[in-house]
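Since the structure comes first, as structure tokens, the remarks are kept for the end.
Readers should treat all values here as calculations from the given coordinates under stated rules, not as data from a laboratory. Computed from a predicted model, the values in this text were never measured in an experiment. Here the Cβ is made from the backbone with ideal geometry for all residues, glycine too, and neighbour counts use every protein chain on show.
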Amino acid sequence: MRDVCIVGGGVAGLAASIFTARAGLDTLVVDGGESILARNASLENYPGFPDGVDARRYLQLSREQARTAGAEFELGRVTRAEPVAETDLEAGFTLETEGGEPLEARRVIAASWSDSDYLVPLDVGRIQRGSKHFVSTDAAGRTAVDGVYAAGRLAEEPHQAIVAAGHGAKVGLAAVHDSDANFYHDWVTPEGYFTGRGREVPPGCEEIDDDERRRRDEQARARMLEAFEEPLDEAPTMHPSVDRE
């Protein structure tokens, strides 16, 4: 049984997976195949990219970061979620998928805008707005069912990539805090930042010396130069309602 199953491989799901995987939770992302962000011609208003960035490249790098953190991916669509044991939610949840084996996880993060039909058996509290169904959550993304969370647009967050990423991270942290993982935050600090004050390095933190800092910086710059060396060939995916003939 997985610690966390994240339904949806878009911005919110990827951000959540980075945090849960880095905290040491066995994390699986069930990816339906294409994020709605892939319809974007250029991702704007995202801090760190003054002139915008190709949305597909951003998704590629986010998935790579999730894998580096330890998350695993499975291509497919979840069709139904239900408790392993009706009387014991702590026993986890079973997720049925189209054409695949059922999955089991102690916690489920729904980040699958705009599909939430698979959550109906769990009675998480769906809210209908026109033809869409959102999921009611608290401030941290927890639903009415312990162990089930919703992230991003599905949780009625604004339809902006930076908001989805931030909310996904927040929900991922909620799942971490609700688990047995010993996780504090993800600071990487200069050597002596904590120990130089007679403190132990908190869980989830790390002190590195200057040589290691420079090594990591060089590695990060080299990866970014490689990633942005050539333009991507693929074009944005058009909305399915557009007549392309």
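Each label was represented as a point 7 Å from its Cα along the Cα-to-Cβ direction; for GLU44 and GLU218 these points are 3.9 nm apart. For the chain, the square roots of the Cα gyration tensor eigenvalues, ordered a ≥ b ≥ c, give a/c of at least 1.5 with a/b no greater than b/c, which places it in the oblate category. From helices alone, the chain scores -8500 deg cm²/dmol at 222 nm; the rule is -39500 (n - 2.57) for each run of n ≥ 4 DSSP H residues, then divide by the residue total. In whole Å, how far is the Cα centre of the range 176-205 from that of the range 73-88? Using only Cα atoms, the two centres lie 33 Å from each other. Applying 1/(1 + (r/R0)^6) with R0 = 25 Å to the Cβ-Cβ distance of GLU34 and GLU82 gives a FRET efficiency near 0.40.
When only the Cβ of Lys, Arg, Asp and Glu is charged (+1, +1, -1, -1), the dipole of the range 188-227 relative to its Cα centre reaches about 140 debye. Summing charges over all other residues whose Cβ lies under 11 Å from the Cβ of CYS205, with Lys and Arg as +1 and Asp and Glu as -1, gives -3. Among LEU75, LEU225, the order by Cβ neighbours within 10 angstrom, fewest to most, reads LEU225, LEU75. The ranking of GLU226, GLU74 by Cβ neighbour count inside 10 Å, starting from the fewest, reads GLU226, GLU74. Quick one: P(r) of the range 188-227 from all Cα-Cα pairs, 5 Å bins, percents rounded to integers, in order of increasing distance. Histogram of Cα-Cα distances, whole percents per bin: 7, 22, 22, 17, 14, 10, 5, 2, 0.
Listing ASP117, ASP186 from fewest to most neighbouring C-beta atoms within 10 Å gives ASP117, ASP186.
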